[in-house]
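Notes follow the structure.
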Amino acid sequence: MRSFMGRDILSLKGFEREEYYRVFEIADRLAPIARDRRNTDLLKHKTLVTAFYQPSTRTRLATEAAMHRLGGHVVGFSDAKMTRAGDFYQESIKDTVHMLEFYGDVIAMRHFQQGAPAEAAKWASVPVINCGDGWGEHPTQVLTDMYTVLKEKGTLDGLNFLLVGDMRMRTMHSISYAMSQFDIRPTYISPPDMSLTDDFKLELDAINLNYREVEHIDEAIAEADVIYMEPVVQPDYTKSLDERSGEVGVTAANYQVTNKLMRKAKSDAMILHSLPRMDELLEEVDNTRHARYWTEAFNGVVMRMALLALVLGAVE
Ligand code: CP
């Protein structure tokens, strides 16, 4: 297995089964710290730099919270417009990263351009963690999701995943790579204009993912063990900021999870949604035995603790 020390976490493509279990093992080890709401001193001599060029609630704050739980320090920006990358200068990623690498020991980056964290990693002497790049990937979110499934189901093999929403989403790309490492049977459901692209289908074939596509969530709900959701009403992820202007669309029943739908599901089917949500996941579902998205939120901190500890060499 490749070492995690000093490693960039840019993509789940090529991330191997045993590497998932290594990350999950460290997450298990560190979880009690977060559960007990304690801070430790494991990373007391380390600093995290957060470089967020696109809005975030969960990913940035969970990563920063993880660093605090491990006793480390945090510097960074969450509004690139207030940096030289976002003003008149439009400073390049290369020049920006040549600065940031001296301000800390690991860089967590979210960017509206697909591939921007990989570009940063080319120039940084410290590890770069991709916290979401355009429509590209969202590896730390999906590691969180897979960990949540493992903790809830006790296994990642022999499961049916029902993936609902916009298949252009970065989470959908990362989870597709992740599913290929386990005995998982995926079913994808999306509006036609948000379906798996031909190029991505070629990638899925290349990694031997045995999937199917259906038109309506009703067709696959009964056999689903995990329902993995993304909105179909959402912003343009290639923009640094896509503010709402006027009315937004509504989600068609094909792509919506409601209590009525969940009555057709297995009693132990679990729903994951990385959030934020629109009207594709009704709040009435929150208090059912199926909802696991708040557990995901807690695990999001634990997963970032594990990744920071691993790439900074605190647990090898
Ligand atoms: N799930 C997720 O990436 O949320 P944020 O955009 O709030 O970070």
Legend entry - Scan of segment 75-107 for residues that are within 16 Å of the ligand (Cβ to nearest atom) and open to solvent by 20 Å² or more (accessible area, probe 1.4 Å), ordered by number: GLY76, PHE77, SER78, ASP79
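Suppose we filter GLY72, GLY134 for residues that are within 16 Å of the ligand (Cβ to nearest atom) and at pLDDT 95 or above; which single one remains? Steps first, answer last, please.
Numbers: GLY72 fails: within 16 Å of the ligand (Cβ to nearest atom).
Only one candidate qualifies: GLY134.
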Inset, instruction - Can you tell me which residue within segment 174-202, out of those that are in contact (Cβ under 8 Å) with a residue 40 or more places away in the chain, open to solvent by 10 Å² or more (accessible area, probe 1.4 Å) and under 26 Å from VAL23 (Cα atoms), is nearest to the ligand (Cβ to nearest atom)? - result: TYR177
Inset, instruction - For segment 141-149, state whether one or more residues are away from the ligand (no atom under 13 Å from the Cβ) and out of contact with any helix residue (DSSP H, G or I) (no Cβ under 6 Å at 6 or more places or on another chain). - result: yes
Legend entry - segment 203-240: number of residues that are in contact with a strand residue (DSSP E or B) (Cβ under 9 Å, 6 or more places away or on another chain), in contact (Cβ under 8 Å) with a residue 40 or more places away in the chain and among the hydroxyl-bearing types (Ser, Thr, Tyr): 3
Legend entry - Counted residues, segment 15-65 - those being in contact with a Leu (Cβ under 9 Å, 6 or more places away or on another chain) and within 16 Å of the ligand (Cβ to nearest atom): 8
Inset, instruction - Determine the pairs where a residue that is open to solvent by 50 Å² or more (accessible area, probe 1.4 Å), located within segment 116-127, has a partner that is in a helix (DSSP H, G or I) with Cβ atoms under 7 Å apart, the partner being 6 or more residues away or on another chain. - result: GLU119/ILE93; TRP123/LYS94; TRP123/VAL97; TRP123/HIS98
Inset, instruction - State which residue is nearest to ALA62 (Cα to Cα) when the search covers only segment 283-316 and only residues that are without any contact (Cβ under 8 Å) to a residue 60 or more places away in the chain and open to solvent by less than 10 Å² (accessible area, probe 1.4 Å). - result: TYR293
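Sort through GLY165, GLY158, GLY154 and tell me the only one that's in contact (Cβ under 8 Å) with a residue 12 or more places away in the chain and open to solvent by 10 Å² or more (accessible area, probe 1.4 Å).
On the way: GLY165 fails: open to solvent by 10 Å² or more (accessible area, probe 1.4 Å); GLY154 fails: in contact (Cβ under 8 Å) with a residue 12 or more places away in the chain.
Just one listed residue meets the conditions, GLY158.
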Inset, instruction - Output the residues belonging to segment 234-274 that are open to solvent by 70 Å² or more (accessible area, probe 1.4 Å), modelled with pLDDT of 95 or more and either among the β-branched types (Val, Ile, Thr) or farther than 27 Å from PHE298 by Cα (or both). - result: LYS260, LYS264
Inset, instruction - Give me a count of the residues in segment 61-112 that are within 14 Å of MET305 (Cα to Cα), touching a His at 6+ places or on another chain (Cβ under 9 Å) and assigned to a helix (DSSP H, G or I). - result: 1
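The values are calculated or read from the model by the stated rules, or taken from the named source; none is laboratory data. The structure displayed is predicted, hence computed values, not measured ones. Because the Cβ atoms are built from the backbone with ideal geometry, glycine has one as well, and the counts that use them run over all protein chains shown. Ligands, DNA and RNA are excluded from the accessible area calculation, which covers all protein heavy atoms including side chains. Shrake-Rupley method; radii C 1.70, N 1.55, O 1.52, S 1.80 Å.
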